Amino acid sequence: MAWDEWEHLKADAAARRQQDRMELNGTGSGGGSRPDLKTNDSGKKAAVKALREDVRPGADKAGSHAEESSGAAVREFSGWDTGSGLKEAHEEWELQVKALKGRLAADETALENTKRDFQHLDLGTRSRIAQIDTGLDPRRES
């Protein structure tokens, strides 16, 4: 590599470092090309309410209704191959309903905790940024 090419690469790197430093010092609110990370608190609250008041009770009701109907059919066809097939299908249905209820409960909890998690993330990031030495390092200057 020629000496001139090396000097050109060093100058490009220094310019990029200066540009990055200026981006970090900015507020990000004026004319930036990168969107800010945002969270929709009201949307999450509405989703939690829907899960708590509509979706989860609806899943419980639908699961119970199917359980009653399937149980009656299994009893009617006991002793037949159809009865054992219905019993196996009913057992699988119970497993699927249980898994769905668990996922819905986990989603509700995750949505409820998201605001707190974002606040902790913001505080952690702010703390790490505050630890950065703002003074120029003479070793980095060309």
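Kindly report the accessible area of region 40-95 per residue (heavy atoms of protein chains, probe 1.4 Å, no ligands, DNA or RNA), in Å².
73
Taking a cut-off of 30 Å between Cα atoms, list the lysines near Lys45, but don't count ones fewer than 8 places away on the same chain.
Those lysines meeting the cut-off are Lys61, Lys98, Lys101, Lys115.
The values are calculated or read from the model by the stated rules, or taken from the named source; none is laboratory data. Bear in mind the structure is a predicted one, so any value in this text is a computation, not a measurement. The protein model used for the area step is the full one, side chains on, heavy atoms only, and it has no ligands, DNA or RNA in it. Shrake-Rupley method; radii C 1.70, N 1.55, O 1.52, S 1.80 Å.
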